[in-house]
Amino acid sequence: MGEDRRSAGNLELVGGRLCLDFANTVSAHSKVGREYLTSYDELVSWSLHVGVLEEVLAARLRRWAAGHPDEAAFVLGRGLAQREMLYGIFAAVVEGKRPRQEALGGLNAAVREVYPRLEISSSAEGFEWRWVVGEDDPEQILWPIVRSAAELLTSEDLGRVRKCEREGCDWLFVDMSKNQSRRWCSMEMCGSRVKSRRYYYRKKEEEV
């Protein structure tokens, strides 16, 4: 999919974890990139896309946002701040550095706020985690992202987190390949571009 056709509701999901796909909702962090979450409505669209919300709840949240534009903008701003915080933490991990204490403190504050909203529910199929939430709580979109980040940071898969190697792309992903040799967020998006560029310059050299 070309970058000009991307939107919050169809963005490629290449991170392998919800928190990394959320970090990838801007085309690049290391430069001025295209922002895909420019409104609360787009945040809802992305949440539908990744399965955090269902259609009925998404429609209610959109109606709430239409009637409360200032509050919706606040929630969006909080979400974007959390996104940059999470990107900073995981990018530091990729680079073998310790995350900034301020960022880790921000995540811990979010964890303390989010985890009390979880409970264990039972059914005929067994037990599962369930969110305790008011029907129209506008920040519930962000809770699963915080949980995803906390779980990834404390999992054995943390060492598999990578950053795309294509110049101009800094998307994050979990490398689950057998020999951990994945270099790009997506072969279709970035891998093919790198190979095409290499082919182009190799042909130019042969023509000299």
Next item on the list: If a cysteine in the chain has no other Cys Cβ under 4.7 Å from its own Cβ, put it on the list, ordered by number.
Entry: Cys19, Cys190
Next item on the list: Note the angle between two axes, namely the Cα long axis of helix 55-67 and the longest principal axis of the Cα atoms of the chain, as a number of degrees from 0 to 90, rounded to the nearest 10.
Entry: 80
Next item on the list: Give me the angle, in degrees from 0 to 90, between the Cα long axis of helix 192-207 and the longest principal axis of the Cα atoms of the chain, rounded to the nearest 10.
Entry: 10
Next item on the list: Quick one: how many lysine pairs does the chain have with C-alpha atoms less than 20 Å apart and a gap of 8 or more or different chains? Give me the count, please.
Entry: 6
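Which value at 222 nm does the chain reach when only helices count, each DSSP H run of 4 or more adding -39,500 (n - 2.57), with the total divided by all residues and rounded to the nearest 500 deg cm²/dmol?
Details: 7 runs with 97 residues, N = 208.
Theoretical 222 nm ellipticity from helices: -15000 deg cm²/dmol.
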Checklist line | Among Gln140, Gln82, Gln180: highest mean-square fluctuation, GNM of the chain, C-alpha pairs under 10 Å | finding: Gln180
Notebook entry, point to check: Rounded if a/c is under 1.5, else prolate if a/b is larger than b/c, else oblate: which is the range 1-88, with a ≥ b ≥ c the root eigenvalues of its Cα gyration tensor?
Noted result: prolate
Check: What Kirkwood hydrodynamic radius do you get for the range 57-163 when you take the inverse of the mean 1/r over all pairs of distinct Cα atoms, in Å?
Finding: 15.7
Check: Can you pull the semi-axes for the chain, root of five times each eigenvalue of the Cα gyration tensor, sorted largest first, whole Å?
Finding: 33, 21, 17
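Read the figures in this text as sums done on the coordinates, not as results from a lab. Because the structure is a prediction, the values reported are computed rather than measured. As a convention, Cβ positions derive from the backbone with ideal geometry for all residues, glycine included, and neighbour counts pool all protein chains shown.
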